[in-house]
Amino acid sequence: MLNAGDTAWVLASAALVMLMTPGLAFFYGGMVRVKSVLNMLMMNFICLAIVAVLWTLYGFTMSFGDDAFSGLLGNFSHAGMADTWGQLVGFATAATDTTPEIPWPGGDGIPMLVFAMFQLMFAIITPALISGAIADRAKFWGWALFVVVWVTIVYFPVAHWVFAFDGFMSPDAAGGWIANKLKALDFAGGTAVHINAGAAGLALALVLGKRRGWPRETGRPHNVPFVLLGAGLLWFGWYGFNAGSALSAGDLAGVAFTNTTVATAAAVLGWLIVEQLRFGKPTTLGAASGAIAGLVAITPAAGFVTPLGSIAIGVIAGAVCALAVSLKYKLGFDDSLDVVGVHLVGGLVGTLLIGFFGTTSVNSLGADGLFYGGGFTQLGKQAAAAGAVLVYSFVLTFIIGGIIKIAGGFRVSKEDEVSGIDEAQHAESAYDFVGGSIGGHSGSSPAPLPSKDGAALEGSKA
């Protein structure tokens, strides 16, 4: 029977996750030059429009339709959202005379359409995350075309691999290979969302190339309060992202909510301590970026570890990501807003650490990691899942981005990049410059302070 409480919680969680995309727009928008802030906001906002339509047409059924090919892709039985209303989903529906019932936290199901709308919000924010890697130099309609192709051949299949469980959509429904054959754990999207987006961000940064004058003439973030506002909205929405993934208003949602809170707090401290040791000062950008790093890392583990394990994951993620954002200076790839350093690295940290901190005392459907007597078995599964998603996303993204670039539809001209892409791409500017000026123009800001290893203090931003 329909569980009204669980249904209400998942609907509310879907709304929270939807808010994350505008929050991400502010987070990214504050970090770019003043002359490209609108383009950055629009690159995020357009994902709401494009992905929602594609999800309705074929995305949901590709991701959660009955498996059509060895755990790689769902069938098209729900194209156009066919046969989704009046249907319940949940593991309780999988009980048969011959198959033991898989525990379902609420005991009953939720409407399929409610689940579809919840998962839609994940599909929207994943390509939006990628946009930060190519800030200040991408054509708007080239980006829009990329989103259409990328979610179709990368995100929808990967969502099926990771999120589609046998018996969830119907008693005899088959799901994806990572969830059901490999049995790697991903509570809310460490692989499907963050490793997926981070690998794609790296590929696009390589395809589009460096910004003009990078790293010597990169302007400072034009609006740091925007960054902190965006981080706050993301943290708020992330409760729907993680606790909502319990799909039940019960104990597991409480565990995920708690773990999300303490891991994020610990990651802020981890990042700021690294900044203090490396640069002598903690920064606002570092605090905001540390929070995002903690949220990313706890996402796959939120329902499988204890609060103490979450603190450890948060501290490790905050420190490791704070160091990882400097890699772009050493390796020479221009990841504008550190999508690789935060989302790819943070996603890897959280996914792999389940193999150490996971415990069935929290969730009987999880697994015991190394620190709970489980050996290295689960760690191997986590690494295999992370590696598969990383390679698939990177290779396909590199090909998609390369084709669009060759066709001349992806990178703005040198003149537009120097003068500002807001006017060139959208015929408008974010601020009224009459009678005054606003800082943050590329080339007008002081150069970032170098660290001992040659990285820039500006690299502490996500």
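The values are calculated or read from the model by the stated rules, or taken from the named source; none is laboratory data. Remember, predicted model here, so these are calculated numbers, not experimental data. So basically every Cβ, Gly included, is an ideal-geometry build from the backbone, and we count neighbours across all protein chains shown. Side chains included, ligands, DNA and RNA excluded: accessible areas come from the protein's heavy atoms. Shrake-Rupley method; radii C 1.70, N 1.55, O 1.52, S 1.80 Å.
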- Is it possible to state the helix-based mean residue ellipticity at 222 nm for the chain, with each DSSP H run of 4+ residues giving -39500 (n - 2.57), the sum divided by total residues, to the nearest 500 deg cm²/dmol? What is it? -17000 deg cm²/dmol
- 1/(1 + (r/R0)^6) with r = Cβ-Cβ of K281 and A4, R0 = 45 Å, i.e. FRET efficiency to nearest 0.05, evaluates to 0.30
- Query: Say the dipole of the chain comes from +1 at the beta carbon of Lys and Arg and -1 at that of Asp and Glu; which of L2, S326, G80 then lies farthest toward its positive end?
  - Reply: S326
- At 7 Å along the Cα-to-beta-carbon direction for both D251 and F45, put a label point, then send me their distance in nm to one decimal. 4.5
- Note on the structure: When the charge dipole of the stretch 387-431 is computed with +1 at the Cβ of Lys and Arg and -1 at the Cβ of Asp and Glu, the Cα pointing farthest to the positive end, of Y392, I404, A424, is that of Y392
- Task: Using the Karplus curve 6.51 cos²θ - 1.76 cosθ + 1.60 with θ = phi - 60°, work out ³J(HN,Hα) for each residue of the stretch 341-357 in order, rounded to whole Hz, and write x for Gly and Pro.
- Result: x, 9, 7, 5, 5, x, x, 5, 4, x, 5, 6, 5, 4, x, 9, 9
- Task: Once you have the Cα-Cα distance between F236 and T360, take 0.36 nm times their residue separation minus that, and quote the gain in nm to one decimal.
- Result: 41.9 nm
- Which whole-number percentage describes the relative contact order of the chain, with Cα contacts under 8 Å and a sequence gap of 6 or more? 22
- Message: Could you check the spin-label model distance between T152 and A407? Points 7 Å from the Cα along Cα→Cβ, value in nm.
- Response: 1.0
- the chain, dipole about Cα centre (Lys/Arg Cβ +1, Asp/Glu Cβ -1), debye to the nearest 20: 1580
- What part of the accessible area of the chain, given as a whole %, is carbon or sulfur when the probe is 1.4 angstrom? 69
- Message: Please give the Cα centre distance for the stretch 340-396 versus the stretch 139-203, rounded to the nearest Å.
- Response: 16
- Message: To make sure I understand the rule: partners must be aspartates and glutamates, Cα under 16 Å from the Cα of K281, and not fewer than 8 residues away in the same chain. Which ones qualify?
- Response: E458
- Mean Cβ neighbour count within 10 Å, used as a protection proxy, ranking 196-208, 59-71 highest first: 196-208, 59-71
- Query: Points 7 angstrom from Cα along the Cβ direction at F76 and I399: gap in nanometres?
  - Reply: 2.0
- Message: Taking the 0 to 90 degree range and rounding to the nearest ten, how far is the long axis of helix 4-29 tilted relative to the main principal axis of the chain, both from C-alpha atoms?
- Response: 20
- Task: Using a 1.4 angstrom probe, figure out how much accessible area the chain has per residue, in square angstrom, rounded to the nearest whole.
- Result: 36
- Task: Quick one: angle between helix 377-406 and the longest Cα principal axis of the chain, in degrees between 0 and 90, rounded to 10, please.
- Result: 50
- Mind checking which of S170, L348, L182 is farthest towards the positive end of the chain's charge dipole, using Cβ charges of +1 (Lys, Arg) and -1 (Asp, Glu) about the Cα centre? L348
- Message: At R0 = 35 Å, how high is the FRET efficiency between K330 and S419 if r is their beta carbon distance? Nearest 0.05 is fine.
- Response: 0.70
- Using the beta-carbon distance between T377 and E428 and R0 = 41 Å, what value does 1/(1 + (r/R0)^6) give for FRET efficiency, to the nearest 0.05? 0.15
- Task: Show the residues, 5+ positions off or on another chain, whose built amide H is closer than 5 Å to the amide H of L88.
- Result: M112
